[in-house]
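Asks: A single structure is presented below for examination.
The values are calculated or read from the model by the stated rules, or taken from the named source; none is laboratory data. Owing to the predicted nature of the structure, the values given are computational and were not obtained by experimental measurement. All Cβ positions, even for glycine, are placed from backbone atoms using ideal geometry, and neighbour counts span all protein chains on display. We work out accessible area using only protein heavy atoms, side chains counted, and drop any ligands, DNA or RNA first. Shrake-Rupley method; radii C 1.70, N 1.55, O 1.52, S 1.80 Å.
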Amino acid sequence: MVSNFHLPPTGYGPGSQPEDDDLQYMSLPQDMRTFSPRIPEVDDTDALAPAMALMTQVAKAADRVALGGAPEQFDLFGLDPANRRLVAETMGEGEVAMKIRGLPSLHAQESVFAGIWMLHGAGRDVIEVASAPQDARTRAFEPFRPGNADAPGAGVVNAPPLLVELRDKSASFPQTRELHVVNLSLLPHTEADLAWLDARLGVGSTDILSRGYGNCRVTATATPHVWRVQFYNSMDQLILDTFEVTEMPEVALAAAEDLMDSAERLREVLEAIA
């Protein structure tokens, strides 16, 4: 016979204690975006042959870019409405969206296939296969709001040395290509510090939103190679706030492995349609 000494003590465990209505626990994140292919329903594959041929070429381009090839674009203007609908339905919307200000203003939406982008704007309706759209890179630091050298400094405490550090790394980046991160979440600063830094660095032309497990918002400054990168949890609370000196933050880029995987997945979808 087992004595009470070996039995678990009573009065412990779930349900054993009275509930306190005033005690509220933060809810845990529930959702995470994952790839789920959608196979469009096609009745007449012959009529949609142009779209099928174009997307076959896109898959081949993804293989080439994954192996180090240059970004490739495919113009959609030559497709009729039915073929365009098939392309749009097949591509869907992925995690990353970009807004590129200026002339022409562009909107770039990553498809469900990482590294395959849909670009829309005045005179532009293309698919681009790249780690990130070239316009988002080349036009990123064109000043949308130039830096203000006369920004008021009332309440500024720790921002001036950070500005010196960022400008120094910005100037040396073309030679070193070295990623440099200033983690504001770990540094003492005031709201006036942040406002002053924003004013002095200015605002560039590329805004990026990456939606995954929470959100990441990336904004180019008007200072070359300097980006503001902010991570939010699924309840939209800021959990990491940084400046990155780099060509483009990694969170916005599709890796070579992503492009190879996208090529394979796209081919599988096209085979299912056919």
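Asks: Going by what's in this entry, would Arg38 be described as modelled with pLDDT under 55, outside any helix (DSSP H, G or I) and under 30 Å from Asp75 (Cβ atoms)? Walk me through it before giving the result.
Replies: Working: modelled with pLDDT under 55: no; outside any helix (DSSP H, G or I): yes; under 30 Å from Asp75 (Cβ atoms): yes.
So Arg38 does not fit the description; no.
Asks: Still on this structure, please answer the following. Tell me whether region 137-144 contains one or more residues that are within 25 Å of the chain's Cα centre (by Cα), in a helix (DSSP H, G or I) and closer than 19 Å to Arg228 by Cα. Break it down stepwise before answering.
Replies: Filtering region 137-144 down to residues within 25 Å of the chain's Cα centre (by Cα) leaves 137-144.
Of the ones still in play, those that are also in a helix (DSSP H, G or I) are 137-138.
Subset that is closer than 19 Å to Arg228 by Cα: 137-138.
Taking every residue of region 137-144 in turn, at least one turns out to be within 25 Å of the chain's Cα centre (by Cα), in a helix (DSSP H, G or I) and closer than 19 Å to Arg228 by Cα.
Asks: Name the residue, out of Val181, Val218, that is assigned to a strand (DSSP E or B), open to solvent by less than 20 Å² (accessible area, probe 1.4 Å) and among the β-branched types (Val, Ile, Thr). Before the answer, list the steps.
Replies: Details: Val181 fails: open to solvent by less than 20 Å² (accessible area, probe 1.4 Å).
Of the residues listed, the single one that is assigned to a strand (DSSP E or B), open to solvent by less than 20 Å² (accessible area, probe 1.4 Å) and among the β-branched types (Val, Ile, Thr) is Val218.
Asks: Could I ask something else about it? Are any residues in region 225-239 at pLDDT below 95 and either touching a Phe, Trp or Tyr at 6+ places or on another chain (Cβ under 6 Å) or assigned to a loop (DSSP other than H, G, I, E, B) (or both), and if so, which ones?
Replies: Passing the criteria: Asn233, Ser234, Met235, Asp236, Gln237, Leu238, Ile239.
Asks: Now for a separate question. Residues Asn158, Asn148: which one is touching a Ser or Thr at 6+ places or on another chain (Cβ under 8 Å), surrounded by fewer than 17 Cβ atoms within 10 Å (Cβ to Cβ) and modelled with pLDDT under 95?
Replies: Details: Asn148 fails: touching a Ser or Thr at 6+ places or on another chain (Cβ under 8 Å).
Checking each option against the conditions leaves just Asn158.
Asks: Looking at the structure I just gave you, is Val164 closer than 23 Å to Leu106 by Cα, open to solvent by 40 Å² or more (accessible area, probe 1.4 Å) and either of a type in the set (Val, Ile, Thr) or more than 21 Å from the chain's Cα centre (by Cα) (or both)?
Replies: Judged against the criteria, Val164 is not a match.
Asks: Still on this model: Name the one entry in Asp236, Asp198 that is surrounded by 18 or more Cβ atoms within 10 Å (Cβ to Cβ) and either of a type outside the set (A, V, I, L, M, F, W, C) or within 19 Å of the chain's Cα centre (by Cα) (or both). Steps first, please.
Replies: Working: Asp236 fails: surrounded by 18 or more Cβ atoms within 10 Å (Cβ to Cβ).
So the residue among Asp236, Asp198 that is surrounded by 18 or more Cβ atoms within 10 Å (Cβ to Cβ) and either of a type outside the set (A, V, I, L, M, F, W, C) or within 19 Å of the chain's Cα centre (by Cα) (or both) is Asp198.
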